[in-house]
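Before any comments, here is the structure.
The values are calculated or read from the model by the stated rules, or taken from the named source; none is laboratory data. Just so you know, these numbers come straight off a predicted model, no measurement behind them. Here the Cβ positions follow ideal geometry from the backbone for every residue, glycine too, while neighbour counts run over all protein chains shown. The accessibility values were calculated without ligands, DNA or RNA, using every heavy atom of the protein model including side chains. Shrake-Rupley method; radii C 1.70, N 1.55, O 1.52, S 1.80 Å.
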Amino acid sequence: AKFSPTTFEAYQELMAGMEFQLEKPDVALEHYRRAAELDPDSFFARLKMSHSLHALGRMEESQAILDELDAQRHQFNSFDRLCLDCVQLKRQHRYEEAVPLLREIVALDPLNPRITIGLVQSLTWNNRPREAVAVAERLGELDKQGLLHVFPLCQALHLLGEHERELEVVRDALTR
């Protein structure tokens with residue numbers, strides 16, 4: 001896939017948005033909007049805007065962005081198109097269909113913990129907790145700076161009945 005870099009200023013806004021993504025999606029949304037204004041061609045900024053709107057319960061606005069991206073899909077590289085298709089499937093609760101796309105995305109970007117955790121989540125939602133744990137464990141030290149992988153990993157461990165291990169994961173995350 002061919003990747004076109006964004007501007008440094010837009011990248012800074014994207015990173016600022018990602019800092020607030022889970023706890024304050026409204027703040028993240030404003031950073032993503034600024035990133036999209038600074039770089040109108042940024043697929044990622046608009047996709048993140050859609051995620052924030054979705055987290056805020058503004059489903060129609062979120063879907064409108066996805067529809068706009070889909071209409072422009074010919075302008076995006078294959079990686080971005082895969083991500084868009086995957087998000088669309090997950091939003092439609094078609095998790096089983098999203099798994100092969102997520103595997104492909106992870107293969108293209110194996111060092112990205114956020115993408116890998118999306119696969120862990122989908123595997124768990126498809127009642128494949130053992131496979132989800134195996135994928136999460138491959139993250140290893142890649143995601144030690146954040147708590148992103150804790151929830152889906154704990155969910156999978158819980159489904160497996162591995163409650164002591166689930167507790168260890170949470171304690172380790174809280175210690176960090």
What residue among A16, A156, A98 shows peak mean-square fluctuation when the chain is described by a Gaussian network model with Cα springs under 10 Å? A16
CD proxy at 222 nm, helix term only [per DSSP H run n ≥ 4: -39500 (n - 2.57); per residue of the chain; nearest 500]: -23000 deg cm²/dmol
Along the charge dipole of the chain, which of A16, L38, L89 sits closest to the positive end, that is, farthest toward it, with unit charges on the beta carbon of Lys, Arg, Asp and Glu (+1, +1, -1, -1)? L89
Here the range 68-75 yields Karplus 3J(HN,Hα) values (6.51, -1.76, 1.60; θ = phi - 60°; whole Hz; Gly and Pro given as x) of 5, 4, 5, 5, 9, 4, 5, 7
About its Cα centre, what dipole magnitude does the chain give when the only charges are +1 on Lys and Arg Cβ and -1 on Asp and Glu Cβ, stated in debye to the nearest 20? 260
With N residues in the chain, what two-decimal value do you get for its Cα radius of gyration over 2.2 N^0.38 Å? 1.05
Local electrostatic count at L53 - Lys and Arg +1, Asp and Glu -1, tallied over other residues with Cβ under 11 Å: +1
Compute the label zone of A55 within the range 101-115: residues whose backbone N is under 18 Å from the point 7 Å along Cα-to-Cβ. 113-115
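At 1.4 Å probe size, with the rest of the protein present, what percent of the exposed accessible area of the chain is carbon and sulfur atoms?
On the way: 5470 of 10050 Å².
Ligands and nucleic acids excluded, carbon and sulfur give 54 percent.
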With every protein chain kept in place and a 1.4 Å probe, the range 1-115 has an accessible area per residue in Å² of 57
